[in-house]
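Below is one structure, written out as structure tokens, with a few remarks after it.
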Amino acid sequence: MLEQIVHIIDDDSAELNAVKSLVESAGLKSKTYTDACDFLEVYDASAGCLVVDLHMPKMDGLELQKELKVKGSKLPVIFLTGYGEVCVAVEAMKAGAVDFIQKPYLERILLESVRSALHLNKKNRTSIKGSGTNEKMASLTVRENEVMEMLRKGKSNKEVARVLDISPRTVEVHRRNIMVKLNIKSVAELNGVMK
């Protein structure tokens, strides 16, 4: 089992160090980055979770989340923000964030969120590995394999439909069949199945 790491990204060095100290005081391993681009340069689909500031120069937290989704990342994302933007929080959660915490935060709340994210990551990695993976993959039809490959590359249902010359509704049916057959709950888990 891969060692879980809490990846912390914040352009404010004081905030970055505060989160790092909190996480490590709980006995968890962490790595820090001052911007999202630095993280993406070394990202290797490692186990763990991501604690990321929402507002940063170069690439903000939502842009990073979208980029990770394209890469098929299974890292649960926790957003920290100094601004209580409801529409942004909704967008982040719809895109798969596990939490959206407003600064200043209670240390206990952040640690609970981190532990929950690490547990989710471990569960997701375990559920798609082990016995039966080859049989599950073999149960996919040729068309389901084609759809799966495009979804893994970050294509939307409409893009997949256009490329394969089928309806978006048909793509949704294939997508649902893939999830059921592989016993997964999100497209982000597909890359774990393929490893």
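Read-outs: derived from the displayed coordinates by stated rules, not from any lab. Bear in mind that the values here come from a model prediction, so they are computed numbers and not experimental data. Reconstructed Cβ throughout: ideal geometry from the backbone, glycine too, with neighbour counts over all protein chains shown.
Of the helices (runs of 4 or more DSSP H) that lie entirely inside the range 1-108, those containing 3 or more residues that are touching a Ser or Thr at 6+ places or on another chain (Cβ under 7 Å) span 13-25. Just one of the listed residues (G61, G48) is touching a residue at least 40 places away in the same chain (Cβ under 8 Å), under 23 Å from E112 (Cβ atoms) and either of a type outside the set (G, A, S) or touching a His at 6+ places or on another chain (Cβ under 7 Å) (or both), and it is G48.
Table: residues versus (1) aliphatic (A, V, I, L, M); (2) farther than 20 Å from E24 by Cβ.
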{"position": "E67", "(1), (2)": "no, yes"}
{"position": "A92", "(1), (2)": "yes, yes"}
{"position": "D99", "(1), (2)": "no, no"}
{"position": "R108", "(1), (2)": "no, no"}
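Does the range 62-77 contain any residue that is of a type in the set (V, I, T) and either farther than 21 Å from G48 by Cα or buried (at least 17 other Cβ atoms within 10 Å of the Cβ) (or both)? Checked the range 62-77: at least one residue is of a type in the set (V, I, T) and either farther than 21 Å from G48 by Cα or buried (at least 17 other Cβ atoms within 10 Å of the Cβ) (or both). Across the range 19-43, the qualifying residues are those that are among the hydrophobic types (A, V, I, L, M, F, W, C) and loosely packed, with under 15 Cβ neighbours inside 10 Å, and the one among them that is farthest from K69 (Cα to Cα) is A26. Cβ-Cβ distances below 6 Å connect the following pairs, each with a first residue in the range 1-22 that is charged (D, E, K, R), a second residue that is part of a helix (DSSP H, G or I), and a separation of six or more residues or different chains: D10/L16.
The residues on offer are G82, G96, and the sole one that is under 14 Å from the mean Cα position of the chain (by Cα) and not charged (D, E, K, R) is G96.
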